[in-house]
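Everything below concerns the one structure shown next.
The values are calculated or read from the model by the stated rules, or taken from the named source; none is laboratory data. Given the structure is predicted, the values throughout are model-derived calculations rather than measurements. All Cβ positions, glycine included, derive from the backbone under ideal geometry; neighbour counts span all protein chains shown. Only protein heavy atoms, including side chains, enter the accessible area calculation; ligands, DNA and RNA are left aside. Shrake-Rupley method; radii C 1.70, N 1.55, O 1.52, S 1.80 Å.
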Amino acid sequence: MSSTKLSLMALAAIMPCAMQAAQIDVVATQTIVDPSTTSGYGPNVKQINVNTTWTKDNIYILTDKVFVTNGATLTIEPGTRIYSTLDDKGTSTKNDDEFGSIVITRGSKIHAAGTAAEPIVMTTIDELEAETQTDLDGDGFVAEAPTATTAGRWGGLVVLGAAPIANYSGATNIGEDRIEGFQPAASNDIDNDTRADVIEYGGANAADNSGVIQYVSIRHGGYVYAGSNEINGLTLGGVGSGTTIDHVEVFANADDGIEFFGGTVNTSHIVLAFNQDDGFDIDQGYTGTNQFWFGIQAPKLADGVTSAHDNGGEWDGVTGTIADNANNSAPVIYNATFIGSGTGALPGNDKGNNAIFIDDKFKGKIYNSVFDDFAEDLIESSGDGFGTGLVFAHNTVGRFGGGSYTGSNASNLTYVNNADANGTFFSATGSPINGNSNGGVNPQYRAYSRDAGFNLVEIDPRPASGSPLLSSSLQPGAPAAASFRGAFGPDDNWAAGWTFMSQSGQLVGEAASGSSSFVDVDNDGISDALESTTALINLGFTVGADDVNGVGGNRFADLYTESSILDLRTIGQATVQAGATDVNLSLPVEKSTGLSTWAPAGTLQLTLPKEGGKQFYRIAVTGAQ
């Protein structure tokens, strides 16, 4: 660990002065557990076994797996950034691998309540190396900034609860299981069930509470522990309905975005972008209620390869049996938008790039949702896929590359590759049923484009004016009122701003300011509230007769483009607008001898003349010494 600690000292030397006072915690190397205690987890498990708070003024670097145990709560403040390293030790065994992960064990909690303004970020150390241009993990080079194709660089966030799961041995529901992805060496098994206690989940408490996860962005994880044992971005094992999960992003994970292993937890406002296995994976009798899910699949397996990744959803009923029984997965999902890798992308590996793969008598209910732009089929299934009570109703079927489907008047039977799927979206003759649309419908997002390699260029997933998502029939009963199909309404891009997908520029479109109410009558991308006379005056603008467009006399005639607005806040520049008279600027200058304290050093005075009409002045700061 010496190379890491030396690198962290280098980090402190080059970080901006505002962050130099911050403590840097290598959490996984702290000695925080006495193996002689009766905790039951063994000496090789890194634990947080008392209530602990991580604060946004610290930088947290996980060099190995951290388990929150003993009923403790890990609280993570809004704005906190957590980075993880990866070291496979160069050996053939995986038992000695060290990779950052956070595991909330059964009976413990996480309280990660970020905000839209200050999301909590969990990501790879590569991000921090690229920002600081410093080798922080001691591997001999500075990592490049991770992208939508960078995955598997650490583990993920795992939450284990005591809610019911369905894990059968023959006709018997064991009701417990150990989470996939890794098993810590020398972990104890006090109950002698062959499952390490520290990664065991499931129980009888449907209302079990594992804490709060809100406005959390999880990026570039999914370390491959062994064979098919990759780690999901967010793993939920037996998590109960007392847990709060909303506004979560999983970006570029090597395995699934989110996987539900049983449990009853409800979720909303989930973004899964460019993950390399399935988007939403459901198994072991999961029964929660969900709304506002947005998933878009990654089109590339590697540079230069345009083969699609797996399904928007892989939805299984019960592990260990195919019986159609009351314990099969039966979630309810409202207002989801599932987008594939592009209809022209080559079919993916294994089960392919389908909207949904259904197996083991899955019996969920999916309403008011959109399935669009997948390389293969709407539904792929094994012969035992559909459970009693499976319902798809009032959904929009978009564009697909699978089968021989060629137009909106063709039979939709080619959308499914198993005859058992008849009676879900379409009848045996290919006609839409249950309020679902015909196939081939263009959802008409506000913006949507891909490059020649099917990489996403940009998307504004809100329906444009005239979109069929705004005028189609709806299934009532959703947790939140929504007069549209899909994850986004016309008024609010709830994923804007706080997600990495938004920050990287691939997700575009304005979020509502301060609420879900967003009105843009003139369709210029700027909320009408911000264009009002009162708002403009509050921002220091003078609204005169020559500044309005005639709509009630309260809006600018000259609309500023997004690029010009962004140019006003370019690093090293400040821009002001002249008012009715000359503008006098006072620019204070400060001095320092050690970059820790600053003192006044005088003021630069500048007068900017008003010459008539609207005009701007920009102050440019050069790099002169």
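Okay, residues lined up against (1) of a type in the set (F, W, Y); (2) modelled with pLDDT of 90 or more:
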| site | (1), (2) |
| --- | --- |
| A12 | no, no |
| V26 | no, no |
| P35 | no, no |
| S39 | no, no |
| I76 | no, yes |
| Y83 | yes, yes |
| K94 | no, no |
| D97 | no, no |
| I104 | no, yes |
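Among the residues in the stretch 449-458, are any within 16 Å of S341 (Cβ to Cβ), at pLDDT 85 or above, in a loop (DSSP other than H, G, I, E, B) and in contact with a strand residue (DSSP E or B) (Cβ under 6 Å, 6 or more places away or on another chain)?
Yes, that holds for at least one residue.
Can you tell me how many residues within the stretch 171-201 are at pLDDT 85 or above and farther than 21 Å from D96 by Cβ?
Total meeting the criteria: 9.
I'm checking my understanding of the structure. Among residues of the stretch 135-170 that are in contact with a Lys or Arg (Cβ under 7 Å, 6 or more places away or on another chain) and small (G, A, S), which one is modelled with the lowest pLDDT?
My answer is G155.
If only one of G152, G161 is small (G, A, S) and on the phi > 0 side of the Ramachandran plot, which one is it?
Being small (G, A, S) and on the phi > 0 side of the Ramachandran plot holds for just one of G152, G161, which is G152.
Is the stretch 145-163 home to any residue that is surrounded by fewer than 24 Cβ atoms within 10 Å (Cβ to Cβ), without any contact (Cβ under 8 Å) to a residue 60 or more places away in the chain and closer than 22 Å to N58 by Cβ?
no
Check G90, G107 and return the single one that is in contact (Cβ under 8 Å) with a residue 40 or more places away in the chain and assigned to a loop (DSSP other than H, G, I, E, B).
G107 is the lone residue from the list that is in contact (Cβ under 8 Å) with a residue 40 or more places away in the chain and assigned to a loop (DSSP other than H, G, I, E, B).
Could you check the stretch 449-465 and list, in sequence order, the residues that are open to solvent by 60 Å² or more (accessible area, probe 1.4 Å) and not hydrophobic (A, V, I, L, M, F, W, C)?
D451, E458, S465
Please determine, by comparing only the residues of the stretch 53-64 that are crowded, with 18+ Cβ neighbours inside 10 Å and touching a residue at least 40 places away in the same chain (Cβ under 8 Å), which one is farthest from V158 (Cα to Cα).
I59
Name the one entry in I379, I366 that is touching a strand residue (DSSP E or B) at 6+ places or on another chain (Cβ under 6 Å), open to solvent by less than 10 Å² (accessible area, probe 1.4 Å), at pLDDT 90 or above and of a type in the set (V, I, T).
Being touching a strand residue (DSSP E or B) at 6+ places or on another chain (Cβ under 6 Å), open to solvent by less than 10 Å² (accessible area, probe 1.4 Å), at pLDDT 90 or above and of a type in the set (V, I, T) holds for just one of I379, I366, which is I366.
Name every residue in the stretch 427-448 that is modelled with pLDDT under 85 and closer than 26 Å to P476 by Cβ, in order of residue number.
Hits for the stretch 427-448 are S427, S431.
In the stretch 65-111, which residues are of a type in the set (G, A, S) and open to solvent by 20 Å² or more (accessible area, probe 1.4 Å)?
Once the filter is applied, which keeps residues that are of a type in the set (G, A, S) and open to solvent by 20 Å² or more (accessible area, probe 1.4 Å), the stretch 65-111 yields G71, G79, G90, S92, G107.
Within the stretch 130-144, can you find the residues that are surrounded by fewer than 18 Cβ atoms within 10 Å (Cβ to Cβ) and of a type in the set (G, A, S)?
Across the stretch 130-144, the qualifying residues are A130, G138, G140.
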